[in-house]
Amino acid sequence: MDAIWPVIGVVGGRGGAGASTFAAVLAAMAGLGGRAVLVDLDPVAGGLDVLLGVEGVPGARWSGLRLDGGRLDATALLDGLPPWGRVAVLSADLDPAPVAVAQVLDVAVRAGPVVVDLGRWSTPWRAAALDRCALVVLVCGADVRSVTGARSVRLALGTAVTGLVVVRAGGAAAPASRVAELVDMPLIGAVPALPNSAESPLAVTSLPRAMSRVARGVLDAVQS
């Protein structure tokens, strides 16, 4: 019987929280020693392929997938997506159909761990992904606006979701433990805010160290 890997969702407490960056780092760490899949469900965020610098790499985006209800092979799916190191990236260039999201995730978990950039808005395609997530990571800043937004996102996720919070700390912000308490999610770790000048693509060979450590903790938590 084929191994079934976990699906881990990542969502930001507000825009600019760094959820997409953390999702990418998490996927890169999950792909060490094997392969992983990074799925973008936020079509208005500019594309994970752009964030990772693979927008010019051949391979399917959501608009290029042809899912006609037949059996989809996991290896063929991953081989047809743009690679970012050991991570196969499915970037969002349109609103994916919920049935397509369900089919892709159900197949991808047979090839390796799957990380989903969920997007902050409740949508039918996000609901299809949430049904398959073993864990959801909420990335939240430590200022008042970020915590307020994160509380709303947490409420929209529902009580059935198993979640952890990653706090983006910086300056004279609230302690990470206090942020986690306010958001009502267990704290998995805190990472420094990325500088505003970080506009270049995220390189898989030089991941932010603090994020990598916290991502490793998330993977350990979902595997325990």
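Tell me, yes or no, whether the stretch 121-137 has at least one residue that is at positive phi, surrounded by 18 or more Cβ atoms within 10 Å (Cβ to Cβ) and either touching a residue at least 40 places away in the same chain (Cβ under 8 Å) or not charged (D, E, K, R) (or both).
No, the stretch 121-137 has no match at all.
Of the residues W62, W5, which is open to solvent by 50 Å² or more (accessible area, probe 1.4 Å) and either modelled with pLDDT of 95 or more or among the aromatic types (F, W, Y) (or both)?
Unique residue meeting the criteria: W5.
Give the residues of the stretch 50-82 that are in contact with a strand residue (DSSP E or B) (Cβ under 7 Å, 6 or more places away or on another chain) and either closer than 17 Å to I4 by Cα or not in a loop (DSSP other than H, G, I, E, B) (or both), sorted by residue number.
L52, W62, L78 - these are the residues of the stretch 50-82 that are in contact with a strand residue (DSSP E or B) (Cβ under 7 Å, 6 or more places away or on another chain) and either closer than 17 Å to I4 by Cα or not in a loop (DSSP other than H, G, I, E, B) (or both).
Only one of these is in a helix (DSSP H, G or I), touching a Ser or Thr at 6+ places or on another chain (Cβ under 9 Å) and buried (at least 24 other Cβ atoms within 10 Å of the Cβ): A28, A23. Name it.
Selected residue: A28, the only one of A28, A23 that is in a helix (DSSP H, G or I), touching a Ser or Thr at 6+ places or on another chain (Cβ under 9 Å) and buried (at least 24 other Cβ atoms within 10 Å of the Cβ).
Return the only residue of L48, L94 being open to solvent by less than 20 Å² (accessible area, probe 1.4 Å) and among the aliphatic types (A, V, I, L, M).
L48
Picking from V11, V54, V101, which residue would you name as being open to solvent by less than 20 Å² (accessible area, probe 1.4 Å), out of contact with any helix residue (DSSP H, G or I) (no Cβ under 8 Å at 6 or more places or on another chain) and under 30 Å from S146 (Cα atoms)?
V54
Name the pairs whose Cβ atoms lie under 7 Å apart, with the first residue in the stretch 143-158 and farther than 14 Å from L130 by Cα, the second among the β-branched types (V, I, T), and 6 or more positions between them or separate chains?
V147/V179; V147/V183; A150/V183; R151/V183
Is it true that I4 is of a type outside the set (G, A, S), outside any helix (DSSP H, G or I) and under 8 Å from the mean Cα position of the chain (by Cα)?
Here the answer is no, as I4 does not meet what is asked.
Quick one: in the stretch 181-196, which of the residues that are open to solvent by less than 70 Å² (accessible area, probe 1.4 Å), part of a strand (DSSP E or B) and hydrophobic (A, V, I, L, M, F, W, C) is modelled with the highest pLDDT?
Step by step, filter the stretch 181-196, then rank; the result is I188.
Find the residue count for the stretch 139-164, including only residues that are open to solvent by less than 10 Å² (accessible area, probe 1.4 Å) and of a type in the set (D, E, K, R).
Of the residues in the stretch 139-164, 0 are open to solvent by less than 10 Å² (accessible area, probe 1.4 Å) and of a type in the set (D, E, K, R).
Output the number of residues of the stretch 25-78 satisfying the condition of being among the polar types (S, T, N, Q) and closer than 20 Å to L118 by Cβ.
Matching residues across the stretch 25-78 total 1.
The values are calculated or read from the model by the stated rules, or taken from the named source; none is laboratory data. Being a predicted model, the structure only gives us computed values, none of them experimental. Positions of Cβ are backbone-derived with ideal geometry, glycine not excepted, and every protein chain shown enters the neighbour counts. Ligands, DNA and RNA are stripped out before the accessible areas are found, and what is left, the full protein with its side chains, is counted by its heavy atoms. Shrake-Rupley method; radii C 1.70, N 1.55, O 1.52, S 1.80 Å.
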